[in-house]
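Colleague: Below is one structure. I have some questions about it.
The values are calculated or read from the model by the stated rules, or taken from the named source; none is laboratory data. Bear in mind that the values here come from a model prediction, so they are computed numbers and not experimental data. In this analysis, Cβ positions are derived from the backbone assuming ideal geometry, glycine residues included, and neighbour counts consider all displayed protein chains.
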């Protein structure tokens, strides 16, 4: 059985977190304009369980961006095992782990595109079951 994972990017600007991904009209949400899921296709049960454990099983951040807070409140009040990690934390995990068996993310491109320090970029994620 597979797990469908949802992942969304936020950056910290002037002390507040802002959703930085795209928006799409999604039939799963009755055609509403919603944040676009950025989870790599390979993030299934195996990868999610590893990242969830490494993240410290934090739940949603208290300072979740307004966009994602509204999305969660409207569609994902019962989100399964939400958590989050900064790019800095995820990069440290990759460097320590070293096997490259997990779904990896191109940190350099993300950091360059957003122009932020890695501690000011985070991903928020959860599973559908």
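Colleague: Return the total of residues in the stretch 32-47 being over 19 Å from residue 81 (Cβ atoms) and modelled with pLDDT under 90.
Modeller: 1
Colleague: Further, regarding this structure: Which residues, counting only those in the stretch 18-39, are within 21 Å of residue 88 (Cα to Cα) and in contact with a helix residue (DSSP H, G or I) (Cβ under 8 Å, 6 or more places away or on another chain)?
Modeller: Matches in the stretch 18-39: 18, 19, 20.
Colleague: While we're looking at this one, here's another question. Can you tell me which of (1) without any contact (Cβ under 8 Å) to a residue 60 or more places away in the chain; (2) part of a strand (DSSP E or B); (3) surrounded by 15 or more Cβ atoms within 10 Å (Cβ to Cβ) is the one residue 11 doesn't meet?
Modeller: For residue 11, the failing item is (1).
Colleague: Does residue 83 fit the bill of being modelled with pLDDT under 65 and not in a helix (DSSP H, G or I)?
Modeller: So residue 83 does not fit the description; no.
Colleague: So which residues in the stretch 48-71 are surrounded by fewer than 18 Cβ atoms within 10 Å (Cβ to Cβ), outside any loop (DSSP other than H, G, I, E, B) and at pLDDT 95 or above, if there are any at all?
Modeller: Answer for the stretch 48-71, where residues must be surrounded by fewer than 18 Cβ atoms within 10 Å (Cβ to Cβ), outside any loop (DSSP other than H, G, I, E, B) and at pLDDT 95 or above: 66, 69, 70.
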